[in-house]
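Asks: One structure is given below, represented as structure tokens, and several questions about it will come after.
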């Protein structure tokens, strides 16, 4: 019986190691840069712990710097006008060097980030621009738009600069939207949870807070607000 139990645990251990080998891949410490084919896209979604940098330019391009054995597991594909960046299959990448992805595109209208990664962009102009963070990731972007939507679910962060006519912002969880450097004409902010927003509004500010989150504002808009909980609308002028 002892021999059989010993064999059982040995087989179990081998199975666990095999599963880890199948799904968890450790970087080999040798970073390389790979250029991939790119076509038209004006939307971007990134899922994982990647650092994505987006520049404005006429020639579209995708360049990835990562450890050589991880590169095959970083998937870039297109779904309509959206470029999707994600890990291939169910693999988990354990990088020892940061995974940096550099994109160039003339147009950009939407950024979607899930996980713990980061997206940083140069300035883009659009009629409508959308920013979405789900998880603990961070988006830093500059935009000039007629309409802007920014939404966080989780503990992530969004940093906005530029200008827009109308802005709608939503926070669910403990996330942060810092839009002091975004000059907005009208702005609506909805906070559910402990998250907070910082906004710069010229004309009208509409705030709805449920929970302990705060909305801080600068400039001198006309303010309407509804709060449920300990959250506050704070004039920072």
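Asks: Applying the selection to region 210-224, what residues are under 14 Å from residue 175 (Cβ atoms) and at pLDDT 95 or above?
Replies: 212, 213, 214, 215
Asks: Right, another one. Within region 92-108, count every residue that is surrounded by 16 or more Cβ atoms within 10 Å (Cβ to Cβ) and over 19 Å from residue 30 (Cα atoms). Working first, answer last.
Replies: Just the residues of region 92-108 that are surrounded by 16 or more Cβ atoms within 10 Å (Cβ to Cβ), to begin with: 93, 95, 99-105, 108.
Then drop every residue that is not over 19 Å from residue 30 (Cα atoms), which leaves 103-105, 108.
The number of residues fulfilling the criteria is 4.
Asks: Follow-up. Considering only region 196-209, I want to know if a residue exists there that is surrounded by fewer than 20 Cβ atoms within 10 Å (Cβ to Cβ), assigned by TED's automatic domain parsing to the domain that holds residue 125, within 19 Å of residue 133 (Cβ to Cβ) and without any contact (Cβ under 8 Å) to a residue 40 or more places away in the chain. Quick ask: steps written out before the conclusion?
Replies: Within region 196-209, the subset surrounded by fewer than 20 Cβ atoms within 10 Å (Cβ to Cβ) is 202-204, 206, 208.
Applying the additional criterion that residues be assigned by TED's automatic domain parsing to the domain that holds residue 125 yields 202-204, 206, 208.
Narrowing the set further to residues that are within 19 Å of residue 133 (Cβ to Cβ) leaves none.
So far as region 196-209 goes, no, none of its residues is surrounded by fewer than 20 Cβ atoms within 10 Å (Cβ to Cβ), assigned by TED's automatic domain parsing to the domain that holds residue 125, within 19 Å of residue 133 (Cβ to Cβ) and without any contact (Cβ under 8 Å) to a residue 40 or more places away in the chain.
Asks: Related question: Check whether at least one residue in region 140-149 is touching a strand residue (DSSP E or B) at 6+ places or on another chain (Cβ under 8 Å), closer than 26 Å to residue 66 by Cα and part of a loop (DSSP other than H, G, I, E, B), and report yes or no.
Replies: no
Asks: Looking for whichever is in a loop (DSSP other than H, G, I, E, B) and either at pLDDT 95 or above or not assigned by TED's automatic domain parsing to the domain that holds residue 156 (or both) here; the options are 55, 45, 49. Which one fits?
Replies: 49
Asks: Could you identify the single residue in 85, 158, 152 that is outside any loop (DSSP other than H, G, I, E, B), under 11 Å from residue 52 (Cβ atoms) and either touching a helix residue (DSSP H, G or I) at 6+ places or on another chain (Cβ under 7 Å) or without any contact (Cβ under 8 Å) to a residue 60 or more places away in the chain (or both)?
Replies: The unique qualifying residue is 85.
Asks: OK, next. Residue 192 versus (1) farther than 24 Å from residue 146 by Cβ; (2) surrounded by fewer than 24 Cβ atoms within 10 Å (Cβ to Cβ); (3) more than 21 Å from the chain's Cα centre (by Cα): which is the lone unmet condition?
Replies: Going through (1) farther than 24 Å from residue 146 by Cβ; (2) surrounded by fewer than 24 Cβ atoms within 10 Å (Cβ to Cβ); (3) more than 21 Å from the chain's Cα centre (by Cα) one by one, residue 192 breaks only (3).
Asks: Restricting attention to region 109-139, report how many residues are crowded, with 17+ Cβ neighbours inside 10 Å and in a strand (DSSP E or B).
Replies: Number satisfying all stated conditions: 20.
The values are calculated or read from the model by the stated rules, or taken from the named source; none is laboratory data. Here the structure is a predicted model, which is why all the values come from computation and not from measurement. Every residue, glycine among them, receives a Cβ derived from its backbone with ideal geometry; neighbour counts consider all protein chains shown.
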